[in-house]
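For reference, the structure is listed below as structure tokens.
Throughout, read-outs are computed from the coordinates displayed, never taken from laboratory work. Model, not experiment: these values are computed from the prediction. Quick reminder, even Gly has a Cβ in these numbers, built from the backbone with ideal geometry, and neighbours come from all protein chains shown.
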């Protein structure tokens with residue numbers, strides 16, 4: 001389960017976050033991630049995105065509902081090894097883009113707060 005801290009993600013989803021989430025869901029469904037069997041998709045997404053699991057639930061309602069999807073690893077073959085390798089590479093790239101976006105947003109907020117502080121100070 002995700003550990004909530006003061007800086008956990010809240011609010012609007014970024015395009016980078018949505019792209020990362022879509023691919024995590026894809027590879028989770030294939031069973032090629034390095035996760036213990038029984039891991040829930042909701043908890044895993046909350047941990048990867050550093051957000052409250054309820055944020056995941058709210059995002060995926062109606063026809064997009066994740067329910068209580070539980071991880072089951074696939075049979076390990078040469079073909080699934082290649083897919084798992086591709087998953088690691090693709091998810092690392094998407095996660096790097098997501099983290100870069102978070103940093104840009106943080107810099108914007110810090111800059112705005114600095115300007116506001118100067119005006120009032």
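Worth a mention:
- Helix 15-30 and the longest principal axis of the C-alpha atoms of the chain enclose an angle of approximately 20°.
- Extending 7 Å from the Cα toward the beta-carbon at both residue 13 and residue 96 defines two label points whose distance is 2.4 nm.
- Length-normalised contact order of region 15-86 in % [C-alpha pairs under 8 Å, at least 6 apart]: 40
- Computed over region 1-102, the ratio Rg/Rh where both radii use C-alpha atoms and Rh is Kirkwood: 0.96
- With Cα atoms, 0 to 90° folded angle of helix 78-120 axis to the chain main axis: 10
- Computed helical MRE - 222 nm, the chain, DSSP H runs ≥ 4 contributing -39500 (n - 2.57), nearest 500: -21000 deg cm²/dmol
- Rel. contact order, % - alpha carbon contacts under 8 angstrom, at least six apart, the chain: 33
- Fewest-first sequence of 16, 107, 75 by Cβ atoms within 10 Å of each Cβ: 75, 107, 16
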